[in-house]
Amino acid sequence: MTVPVTAPPPAPPAFWADLRIRFWRYLPLKVVGISGFMWIFFLGYFHTLRHPVYPVFEMPATALDALVPFQPQLLAAYVSLWLYVGVAPGLLLRLRELIAYALWAAAMCGCGLLIFYFWPTAVPPPVVDVTGYPGFALLQGVDAAGNACPSLHVAAAVFGALWIERLMRIVGAPAPLRLLNLVWMLAIAWSTVAIRQHVVLDAVAGAALGALFAGLSIWFNPWLGQGRPG
């Protein structure tokens, strides 16, 4: 009697193993470091927001703003940034990479805060009553509609997206996973205007700031993210 031989289950794709190792490498340090980075950033953010040194300039709404409907359901996409910003540093392998990434991210945020200090801005008063929508009262209490241009929300999303794309290419991730990264970033950027936290000009300026610092960080640190887990 012949006993059928059961074939072993197929091994997961190599990129999943790579991503798993990257995720677990220095995980406690990454969690503490990212949390601490956010805490320090918000100290500077709220100080410039609540103590403007110069007159606050109201950003103009453009014709494009009028074309973007108010979409309160995108509040979830907006707040998902605080998860999204941890993806790229969470996939770095080495301590020096984490330090370099943090320094470039800090330089971008510092540039934004410097702009807010010398040129404080705010979005126009909302024409939509958001008091009836869950979560908006908390959002307005935590993230008031000041420090508008450039949108550091969009800048952080673009900075992270470009680095995630770089890391996805390094590990050989398939196109659908990379497309998910792009869609997530675009959803965050779109939400800033759709929930009336920013106007289009803020988002465009934020995207330019994020792309600039992501490009510089990659250009001056070509070794960042390279290599395989060992």
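Going by alpha carbons, how many degrees (0 to 90, nearest 10) lie between the helix axis of 27-50 and the longest principal axis of the chain? So the helix axis and the longest Cα principal axis differ by about 10 degrees. Can you tell me the orientation of helix 14-24 relative to the chain, as the angle in degrees between its alpha-carbon axis and the longest Cα principal axis, to the nearest 10? The answer is roughly 60 degrees.
May I ask you to give the percent of accessible area on the chain that is carbon plus sulfur, with a probe radius of 1.4 Å?
Percent of accessible area from carbon and sulfur atoms in the chain: 76.
For region 80-85, putting each phi into the Karplus relation 6.51 cos²θ - 1.76 cosθ + 1.60 with θ = phi - 60° gives couplings of 5, 4, 5, 8, 4, 5 Hz, in residue order, rounded to whole numbers and with x for Gly and Pro.
With everything on Cα atoms, drop me the angle between helix 152-171 and the longest principal axis of the chain, reported from 0 to 90° to the nearest 10. Relative to the chain, helix 152-171 is tipped by roughly 10 degrees. From the list (i) 0.94; (ii) 1.01; (iii) 1.07, can you say which value of Rg/Rh (Cα atoms, Kirkwood Rh) was derived from the structure given? Computed from the coordinates, Rg/Rh (Cα atoms, Kirkwood Rh) corresponds to (iii).
The values are calculated or read from the model by the stated rules, or taken from the named source; none is laboratory data. These numbers come from a predicted model, not from an experiment. When the accessible area is computed, the model is the full protein with side chains, heavy atoms only, and any ligands, DNA or RNA have been set aside. Shrake-Rupley method; radii C 1.70, N 1.55, O 1.52, S 1.80 Å.
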